[in-house]
Structure formats: C-alpha cells, structure tokens
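Participant: A single structure is presented below for examination.
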Amino acid sequence: MAETRYYGTGKRKTSIARVWMKPGTGNLLVNKRPANEYFGRGTCNMIIMQPLELTENVGKFDISVNVSGGGMSGQAGAIRHGITKALLEFNAELRPSLKKAGLITRDPREKERKKPGQPGARKRFQFSKR
C-alpha cells in the first residue's frame, strides 16, 4: 500500500518550490538539507513555518522541498506558498484560516523589465540642456 503524500507548488518572484508532505515527525528538508542549515537566517525559517503554526500542524508532517531560482527570501516565500497549497490538499477545511492570514494568494510582485533606450527600468540618462 502506498503512503499518502500531499503535493503543492509555490512561487515567489523567480523562485519555484515543489513541496511534498507526508504524515511523520516534523522533519523539514530543503534540497536534501535540513531547513535551518539551508537557510542561515532565522526569519526564513519563521516564514516557512507560518502555515503550519497557523493550522496547528507543527510536527505532524515530514516535508520535502525542491526549490530553485531567486534568493533566500524569495525561496522562503515560495516554500511557504507550496506548504499552504499542500495543506489545502490535505484538508480543505483549513482554507478560511489560511485565506484570512493571506497565505493562499500568490505574491504577484516581480522585477520590472528594463526599457529600451534607458539604463534601467525607471532610471533615465542624465539630462543636459546643451
């Protein structure tokens, strides 16, 4: 008999996280490394744990994450989004509390593109009257 696994894909900026959850003891592996070893900062670990703490599921799931792209903060946000989607697959009744906390909605902010004839997205070349 196959064990039950829940899957969620999370995105933030240019980071993409694939999250697999299964009932267990609370192990959290990010790219085959413990999360606190992968992320040096404690804030990233706090961001990742938000949906689990909100739904009181800390320590109930073994979570395996494959994340790529972006920086540490974007990857943490992508993992949080992926864990939220996997929790919804596990139990759809968690949706109102997750929605109220704003964890279901993907953060749409992306880097603005560079415009032609300019040095950056918004910056202009120095103006000279003569």
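Just so it is clear, none of the values below were taken in a lab; they were calculated from the coordinates. Owing to the predicted nature of the structure, the values given are computational and were not obtained by experimental measurement. All Cβ positions, glycine included, derive from the backbone under ideal geometry; neighbour counts span all protein chains shown.
Participant: Rounded to the nearest 500 deg cm²/dmol, what is the calculated helix-only ellipticity per residue at 222 nm for the chain, with -39500 (n - 2.57) per DSSP H run of length n ≥ 4?
Facilitator: Result for the chain: -9500 deg cm²/dmol, rounded to the nearest 500.
Participant: Something else about it: Tell me, what ³J(HN,Hα) does each residue in segment 43-58 have, in order and in whole Hz, if you take phi through Karplus 6.51 cos²θ - 1.76 cosθ + 1.60 with θ = phi - 60° and put x for Gly and Pro?
Facilitator: Couplings: 5, 5, 5, 5, 4, 5, 7, 3, x, 5, 5, 5, 9, 6, 10, 5 Hz.
Participant: Among 115-122, 27-34, 82-89, 9-16, what's the highest-first ranking by average C-beta atoms within 10 angstrom per residue?
Facilitator: Numbers: 115-122: 9.4, 27-34: 14.9, 82-89: 23.1, 9-16: 19.1.
Put in order of decreasing packing, that is 82-89, 9-16, 27-34, 115-122.
Participant: What length, rounded to one decimal in nm, is gained on full extension from MET72 through to ARG5, with 0.36 nm per residue of separation minus their alpha-carbon distance?
Facilitator: In short, 21.5 nm is gained.
Participant: Which entries in LYS13/LYS123; LYS32/LYS123; LYS32/LYS85; LYS99/LYS123 show an alpha-carbon gap greater than 30 Å? Could you put the intermediate results ahead of the total?
Facilitator: Working: LYS13/LYS123 21 Å; LYS32/LYS123 41 Å; LYS32/LYS85 21 Å; LYS99/LYS123 37 Å.
The pairs that break the limit, which is 30 Å between Cα atoms, are LYS32/LYS123; LYS99/LYS123.
Participant: OK, next. Convert each backbone phi in segment 94-110 into a coupling constant with the Karplus relation 6.51 cos²θ - 1.76 cosθ + 1.60 (shift: θ = phi - 60°), then list the ³J(HN,Hα) values in order as whole Hz, x for Gly and Pro.
Facilitator: Using θ = phi - 60°, the values come out as 7, 4, x, 5, 5, 5, 5, 7, x, 8, 6, 6, 6, 6, x, 5, 10 Hz.
Participant: Additional query: For PHE61, which sequence-distant residues (separation of 5 or more, or a different chain) have an amide H within less than 5 Å of its own amide H, given hydrogens modelled in the peptide plane?
Facilitator: Distant-sequence amide H within range of PHE61: GLY24, GLY26.
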